[in-house]
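Before any comments, here is the structure.
The numbers here are math on the coordinates, done by the rules we state, and not lab data. Because the structure is a prediction, the values reported are computed rather than measured. Ideal geometry is used to build each Cβ from the backbone, glycine not excepted, and the neighbour counts take in all protein chains shown.
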Amino acid sequence: MAEPLKVVVTGAAGQIAYSLLYSVAKGDVFGYDQSLELNLLDITPMMEVLNGVVMELQDCAIPLVKKITATDDPNVAFKDVNAAFMVGAMPRKDGMERKDLLKANVKIFKAQGQAMDKVAKKTVRVVVVGNPANTNACILSRYAPSIPKENFTCLTRLDQNRAQAQIAARLGVTTDKVTNVIIWGNHSSTQFPDVAHAKVELNGQVVPVPEAVKDDNYLKNDFIKTVQQRGAAVIKARKLSSAMSAAKAACDHMHDWFVGTKGSNWVSMGVISDGSYGIKEGLMYSYPVQIKDKKWSIVQGLSINEFAREKLDATAAELDEELEAAVAECTD
Ligand code: NAI
């Protein structure tokens, strides 16, 4: 068996981590023959709860798990890690302004970036889940300058999975038959779920999704709104935010990063913009990417019509504003 891979999960006492840890531990992400050392980070007041999570992980009796370390110290949690799921973040509380939320998260991701810079492997692959995920990932990377910017990403796979599931349900096929849906931009209600380049396998034939759906009005309106507001719909129904599906998406994201995408298929990931598709360089923007040898590259050359252009720019403008406000909080 290969050397154990060191994996850290932050926010490890929370609800997403509760689903995520089980999937990671049993091999869904890094392979069923890859042994693991799991580092679990949460804040000091949550250590008792975290201890309960450790007990449950032990009781799962999973042979792949060689060691579990629960801690409130980022320098311990990030030590020599190969992969990081950054789930912990300051939640929005009643009466809290957007600015205050950003400020609290800048503080968290600054401290964690500094620790990562000092003690993590320079090859660590990081997915930020905690909101505002895109901007938190930018801040993390800013404070870990010795780690390549390409190693920092944020999660928009949940949005992709939601979009794929909506199309599959509409066409009466399973989700695996729908490919190349794109989520552009921010993991927020300005995101642009785009099926202009998506394909679906119907009765053994691969056809463009717009041709199969035959309802442009639905694709431009209800479909986009449903995906954009799915998180809010889950909260309304469950009285809690998406957790099982968020954990599954984080696993899909990291799995594809380590294993690669298939053929001409792509997936959506928040990655650092290099200016592709006219998006400002340096924003953590969700793009279609293909992955080979654990390296992602943005899919180039997709046609962008006027409708899409407007949506791509609107979500970029929101990200730009968010990042500017976050950077203003960085006192260094
Ligand atoms: P939760 O509140 O159940 O758990 C969050 C955990 O993070 C708590 O145990 C908390 O103590 C911990 N935490 C807070 N500050 C920390 C710090 N500085 N270091 C380490 N741990 C810290 O929340 P849940 O449901 O697990 O969600 C976590 C985050 O994921 C939230 O920000 C949520 O908005 C976000 N999210 C993102 C999605 C995405 O698609 N990008 C989807 C769903 C949720």
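Numbers for the structure displayed
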item: Size of charge dipole - the chain - debye, nearest 20, with Cβ of Lys, Arg +1 and Asp, Glu -1, no other charges; result: 320 debye
item: Mean Cβ count within 10 Å, highest first, over the residues of peptides 17-26, 274-283; result: 17-26, 274-283
item: Helical mean residue ellipticity (222 nm; -39500 (n - 2.57) per DSSP H run of 4+; nearest 500) of the chain; result: -13000 deg cm²/dmol
item: Most to least packed among 151-159, 41-49 [average Cβ atoms within 10 Å]; result: 151-159, 41-49
item: Compactness of the chain - radius of gyration and Dmax, Cα, Å; result: 19.4, 59
item: Cα long-axis angle, helix 157-171 against the chain (0 to 90 degrees, to the nearest 10); result: 40 degrees
item: Relative contact order [Cα under 8 Å, 6+ residues apart], the chain, whole percent; result: 17 percent
item: Inter-part distance where the stretch 178-249 and the stretch 264-332 are each reduced to a Cα centre, Å; result: 18 Å
item: Cβ crowding within 10 Å averaged over residues, with 314-327, 100-113, 120-133 ranked highest first; result: 120-133, 100-113, 314-327
item: Candidates 162, 238, 230: whichever shows maximal mean-square fluctuation once the chain is modelled as a Gaussian network with Cα springs under 10 Å; result: 238
item: Net charge contributed by nearby residues that have their C-beta within less than 12 Å of residue 327 (K/R +1, D/E -1); result: -3
item: Angstrom value of the Kirkwood radius, inverse mean 1/r, which spans all Cα pairs in the stretch 156-323; result: 16.3 Å
item: Antiparallel bridges, percent of DSSP beta bridges restricted to the chain (to nearest 5); result: 50 percent
item: Cα gyration tensor category, rounded, prolate or oblate, for the stretch 68-176 with a/c compared to 1.5; result: oblate
